[in-house]
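A.B. asks: Got a structure for you, questions after.
The values are calculated or read from the model by the stated rules, or taken from the named source; none is laboratory data. What you see is a predicted model; the values in this text were computed from it and never measured. Methodologically, a virtual Cβ is constructed for each residue, glycine included, from the backbone with ideal geometry; neighbour enumeration extends over all protein chains shown. Areas reflect the complete protein model, heavy atoms only, side chains present, ligands, DNA and RNA absent. Shrake-Rupley method; radii C 1.70, N 1.55, O 1.52, S 1.80 Å.
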Amino acid sequence: MCALLVTPARQDQDQELQVRALSVSAYQSFLSRTPSASFLQYPSWARVKDLWRSEMIGWHGPGGEIEGAGLVLYRQLPGTRKYFAYLPEGPVADWSDPRIDRWLGPLMRHLRHAGAFAVRIGPSPAYRRWDAATAKAGAGTGRQISDVLATEVDPVGAALADRLRTRGWKRCGGEDDGDAQPRHVFRVPLAGRSLDDLWSGLNQEWRRNVRKAGKAGVETVLGTCDDLPEFYRLLRITEERDGFRLGRSLAYYEQQYRVLNEEQPGRMRLYLAIHRGEILAAHTMISTGSRVWYQTGASADHRREVRPSNALQWRMMRDAHALGADEYDMRGVPSTLDPDERSFGLLRWKLGTGGQVVETLGEWEIPMDGVANTALYKAFQAYLARR
């Protein structure tokens, strides 16, 4: 009986990964072999979030090979020398590995040594998916997407959620729409589809609106950094009209545009819809590896009948397809399926592209062991709530 207990422990120890800091070149080399990594895990994102201290780390196997990597952002708790460690939509790891402690154990030890009192991660697996027809059919008063039987449940995501819970990790935002990153997103599959397939995947209303924009003379063009002030002006109009506030400055978007495109030209694009010489809509798009994201959209209050936003999205989908992306990620959507809720309009608009509502695994947090770290974690949460 003793031998049976000792042998697996020795095997686990032999297989344990080691976490060490990586140079920018080593980190980028790993990402180049991992085309599905989020843009939030690229080195440029640390330069966007320049109020956070950053570090690039790698999981090294027994032979020194890099098996996983992550961009860590550290936010200092005021008045202390302790940090909240955040890996947005990361780390880039083999989340299908059932030996999750090989990944989490070395990570927690490294972050503790770096002064972290708590950690937040954003594992990449999806959790559940609903195709457009299923989501649309499930709409009704008081309904949520979770009330509808999913078209697909990802076994990796479901298993990983259970493994994290049993180890004390808590899902940020409970079972709602998430926290720093959206829990529910909308994705249009591109892999293996022709442009004709994408066009036929749009519903009748979308196809009609794209045609209407073309007949009205709406032009879709790529903007430059000089057009960001106009994008930001339209964004403020959009926020006021739709009742939300992103809380970001023009300087934030200018810095994001600059550093992402310094890392790779064309990584962040600004698309403009122009009608009669006036910019009526402006959308941003980010691309890395095999993934493309529609990040932020803005539009004017007038001449909406010429459908500039539909024209822009159709152009961006085509460009994402030309880049060889596996999917076009339209980012966050609300979890509500109640047509009387104001936010449902955004979901309804995206459903018209024929994609899928995807419930991601979301973000997960845990304080480091110890009473002091738990107290600091609670203090940090209170600090964020006051900001």
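A.B. asks: Could you work out the local net charge near Trp199, counting Lys and Arg as +1, Asp and Glu as -1, over the other residues with Cβ closer than 11 Å to its Cβ? The partial results should precede the final answer.
C.D. replies: Numbers: positive: Arg193, Arg207, Arg211, Arg318; negative: Asp196, Asp197.
Spelling it out: positives minus negatives among the neighbours equals +2.
A.B. asks: Next question, about the same structure. With an 8 Å cut-off on Cα pairs and a minimum separation of 6 or more residues, tell me the relative contact order of the chain in percent. Can you show the working numbers first?
C.D. replies: Values: 691 pairs, mean separation 88.4, N = 387.
Normalised by residue count, the contact order of the chain is 23 percent.
A.B. asks: Dividing the Cα convex hull volume of region 115-273 by residue count, how many Å³ per residue is that? Write down the numbers at each step before the final one.
C.D. replies: On the way: hull volume 34.9 nm³, N = 159.
Output value, Cα hull per residue: 219 Å³.
A.B. asks: If I build a Gaussian network model for the chain, linking alpha-carbon pairs within less than 10 angstrom, which residue out of Ser287, Ser25, Ser146 has the largest mean-square fluctuation?
C.D. replies: Top of the fluctuation ranking is Ser25.
A.B. asks: Let me ask you something else. Run the quick spin-label model on Glu305 and Ser146: label points 7 Å from Cα toward the beta carbon, then report their separation in nm to one decimal.
C.D. replies: 4.3 nm
A.B. asks: How big is the equivalent ellipsoid of region 124-165 along its three axes, where each semi-axis is √(5λ) from the Cα gyration tensor, reported in whole Å from largest to smallest? Intermediate values should be presented prior to the final figure.
C.D. replies: Values: eigenvalues 113, 26, 8 Å².
Gyration-tensor ellipsoid for region 124-165: 24, 11, 6 Å.
A.B. asks: Please list, or write none, the lysines whose alpha carbon is within less than 21 Å of the alpha carbon of Lys378, excluding same-chain residues fewer than 8 places away.
C.D. replies: Lys82, Lys170
A.B. asks: With the alpha-carbon atoms as the only input, what is the per residue convex hull volume for region 242-387 in Å³? Walk me through the intermediate numbers first.
C.D. replies: On the way: hull volume 28.1 nm³, N = 146.
Expressed per residue, the convex hull around the Cα atoms of region 242-387 is 193 Å³.
A.B. asks: While we're on this one: At 7 Å along Cα-to-Cβ for each site, give me the label-to-label distance between Glu219 and Trp199 in nm.
C.D. replies: About 2.3 nm separates the two model spin labels.
A.B. asks: What are the ³J(HN,Hα) couplings of region 199-204, residue after residue, when phi is run through the Karplus curve with 6.51, -1.76, 1.60 and θ = phi - 60°? Round to Hz, x for glycine and proline.
C.D. replies: Coupling constants for region 199-204: 5, 5, x, 5, 6, 4 Hz.
A.B. asks: Now for a different question. Which ³J(HN,Hα) values in Hz, rounded to whole numbers, follow from the phi angles of region 157-168 under the Karplus curve 6.51 cos²θ - 1.76 cosθ + 1.60, where θ = phi - 60° and Gly and Pro get x?
C.D. replies: x, 5, 5, 5, 4, 5, 5, 5, 4, 5, 9, x
A.B. asks: Around Tyr74, under 9 Å between beta carbons, what's the net of Lys plus Arg minus Asp minus Glu among the other residues?
C.D. replies: Working: positive: Arg53, Arg75; negative: Glu55.
Summing Lys/Arg as +1 and Asp/Glu as -1 gives +1.
A.B. asks: So who's got an amide H within less than 5 Å of the one on Tyr328, skipping anything under 5 residues away but keeping other chains? H placed 1.01 Å off N, in plane.
C.D. replies: Val188, Leu190
A.B. asks: Leaving out same-chain residues fewer than 8 places away, which lysines sit with a Cα under 20 Å from that of Lys212?
C.D. replies: Lys350
A.B. asks: Still on this structure, please answer the following. In what order, largest first, do Thr141, Thr284 sit by accessible area if the probe radius is 1.4 Å?
C.D. replies: On the way: Thr141 115, Thr284 0 Å².
In descending accessible area the options line up as Thr141, Thr284.
A.B. asks: For region 354-386 and region 100-171, what is the separation of their C-alpha centers, rounded to whole Å?
C.D. replies: Taking the Cα centre of region 100-171 as reference, the centre of region 354-386 is 13 Å away.
A.B. asks: If you split all Cα-Cα distances of region 42-185 into 5 Å bins from zero, what percentages do you get per bin, shortest first?
C.D. replies: For region 42-185, the binned pair fractions read 2, 8, 15, 19, 18, 14, 9, 7, 5, 2, 0, 0 percent.
A.B. asks: Can I ask one more? Using 7 Å Cα-to-Cβ label points, what is the Ser32/Ala375 separation (nm, one decimal)?
C.D. replies: Here the modelled spin labels are 4.9 nm apart.
A.B. asks: How large is the Rg to Rh ratio of region 72-133 when both quantities use alpha carbon positions and Rh follows Kirkwood?
C.D. replies: Values: Rg = 14.9 Å, Rh = 13.3 Å.
Result: Rg/Rh = 1.12.
A.B. asks: Can you spot the aspartates and glutamates whose alpha carbon is less than 19 Å from Lys215's alpha carbon? Ignore those fewer than 8 places along the same chain.
C.D. replies: Cross-link targets: Glu205, Glu278, Glu305.
A.B. asks: Compare Tyr252, Tyr271 by solvent-accessible area with a 1.4 Å probe and give them largest first, with all protein chains kept in place. Mind dumping the intermediate values first?
C.D. replies: On the way: Tyr252 40, Tyr271 0 Å².
From most accessible down to least: Tyr252, Tyr271.
A.B. asks: Report the local net charge at Asp226: Lys and Arg +1, Asp and Glu -1, summed over other residues whose C-beta lies under 15 Å from its C-beta. Please list the in-between numbers first.
C.D. replies: Numbers: positive: Arg233, Arg258, Arg269; negative: Asp227, Glu230, Glu254.
So the surrounding residues net to 0.
A.B. asks: Which of these values of P(r) over Cα pairs in 20 Å bins from 0, in percent was calculated from the structure shown: [x] 29, 60, 11, 0; [y] 32, 57, 11, 0; [z] 25, 57, 17, 1, 0?
C.D. replies: The listed entry that was calculated here is [z].
A.B. asks: Using the Karplus curve 6.51 cos²θ - 1.76 cosθ + 1.60 with θ = phi - 60°, work out ³J(HN,Hα) for each residue of region 260-270 in order, rounded to whole Hz, and write x for Gly and Pro.
C.D. replies: Calculated HN-Hα couplings, in order: 5, 7, 5, 5, 7, x, x, 4, 10, 10, 10 Hz.
A.B. asks: Another one. Going by amide H atoms built from the backbone, whose H comes under 5 Å of the H on Ser54, apart from near neighbours?
C.D. replies: Tyr74
A.B. asks: Amide H of Arg128 versus every other amide H placed in the peptide plane: which residues, excluding those fewer than 5 positions away on the same chain, fall under 5 Å?
C.D. replies: Asp154, Glu359
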